[in-house]
Amino acid sequence: MVIVGGFLVVYFVIFPTSSPKPFSLSSTSSSAGSASGASSAQVTAGTSFAGSWAIASGSEAGYRVREKLAFLPAESDAVGRTSQMTGNATFTESHDIVTITAASFNVNVSTLKSDRSMRDEKIHEIGLESSRYPSATFVLSTPAALPAAAVTGKIVHLHVTGVFNIHGTAKTETLPLEMNLSDTTVEAVGSLTFPWGEFNMTAPSIGGFVNVTGQATMEFDLHLQRS
C-alpha cells in the first residue's frame, strides 16, 4: 500500500497532469440566438449549406473530469480525447432558412488517450468501461434552425436535442452548440456535463488514492465537409 501511494504521489504530484483547454471556436464576431426562436439563419447570397456533411480531419471528442489525490486539497482536470469518429449531418434550406434536419455521430471511446497511460488503461475497466462499451453515439431527434446571421466567419449559438448513448445507456439531452460555417467547412463545438449515474456509470477511484468527482463532461469539436 505504501508503495502504491508513493507511486501515485510521484505520478500526480511530481509529474502533474497537463490538461488541454476546453474546445472553443475563434472568430472576430459572433451572433446569438435560439434554435427554436423566430429568428433563423438566412443564407448569404451565393452560399448554400444544403446537403450532407461528413466528419472530416481535425475532429475530436472526449471527456473532462475533476481528479483528486486523496490526501491533497487541489483538484485538476483529467482529459482524454480521440479523433476516431464517424458520422454526418444534413442541412436543408427553405425560403433562405438553414435547418439541421438530421445528424448522427459515433465516437470510438476505446481509443481515448490522455496524458497518462495508467489512466487510459483504467477507463477500459472502470467508469466509462470502454472495453465493454467501445462506442458512444449521438443522434439528433429534433430539427434545429440556425439562429440569425449564420454567415461565413461568424460564430452562431444554438441548442440541439438528441439521444446520447454512452456506456450502453440512451438518454435524450439538450446541449448548447457553437458553429462556424464556410463554403467548404462547418465546425461545431459543444459539451455535455452530467452526473456519472445518469449513464449508469460510477465515478472512478484508483486504489482509494485517486478519486474523480461526481460529474463528467463529454466534449467535442466537429469538423464537417461536404460528402
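The values are calculated or read from the model by the stated rules, or taken from the named source; none is laboratory data. What you are looking at is a predicted structure, and each value in this text was computed from that prediction instead of being measured. Glycine also receives a Cβ, built like all others from the backbone with ideal geometry; neighbour counts cover every protein chain displayed.
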Counting just the residues of the range 137-174 that are crowded, with 16+ Cβ neighbours inside 10 Å and in contact with a His (Cβ under 8 Å, 6 or more places away or on another chain), which one comes out modelled with the highest pLDDT?
A144
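Yes/no per residue for (1) in contact with a strand residue (DSSP E or B) (Cβ under 8 Å, 6 or more places away or on another chain); (2) at pLDDT 95 or above:
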position: D183; (1), (2): no, no
position: A188; (1), (2): yes, yes
position: T193; (1), (2): yes, yes
position: M201; (1), (2): yes, yes
position: V210; (1), (2): yes, no
position: A216; (1), (2): yes, yes
position: F220; (1), (2): yes, yes
position: H223; (1), (2): yes, yes
Could you run through the range 50-66 and say how many residues are small (G, A, S), part of a strand (DSSP E or B) and over 13 Å from the mean Cα position of the chain (by Cα)?
3
Of all residues in the range 198-214, which are in contact with a helix residue (DSSP H, G or I) (Cβ under 7 Å, 6 or more places away or on another chain) and either within 29 Å of L181 (Cα to Cα) or assigned to a strand (DSSP E or B) (or both)?
I206, V210, G214
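Let's see how each residue does on (1) crowded, with 16+ Cβ neighbours inside 10 Å; (2) modelled with pLDDT of 90 or more; (3) within 21 Å of S135 (Cβ to Cβ); (4) touching a strand residue (DSSP E or B) at 6+ places or on another chain (Cβ under 7 Å):
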position: G62; (1), (2), (3), (4): yes, yes, yes, yes
position: L72; (1), (2), (3), (4): no, no, no, no
position: T86; (1), (2), (3), (4): no, yes, yes, yes
position: T99; (1), (2), (3), (4): yes, yes, no, yes
position: S104; (1), (2), (3), (4): no, yes, yes, yes
position: V107; (1), (2), (3), (4): yes, yes, yes, yes
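Table: residues versus (1) under 24 Å from G58 (Cβ atoms); (2) of a type in the set (D, E, K, R); (3) in contact (Cβ under 8 Å) with a residue 12 or more places away in the chain.
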{"position": "N88", "(1), (2), (3)": "yes, no, yes"}
{"position": "E93", "(1), (2), (3)": "no, yes, yes"}
{"position": "S104", "(1), (2), (3)": "yes, no, yes"}
{"position": "R119", "(1), (2), (3)": "no, yes, yes"}
{"position": "S130", "(1), (2), (3)": "yes, no, yes"}
{"position": "T137", "(1), (2), (3)": "yes, no, yes"}
{"position": "P143", "(1), (2), (3)": "no, no, yes"}
{"position": "L158", "(1), (2), (3)": "yes, no, yes"}
{"position": "F164", "(1), (2), (3)": "yes, no, yes"}
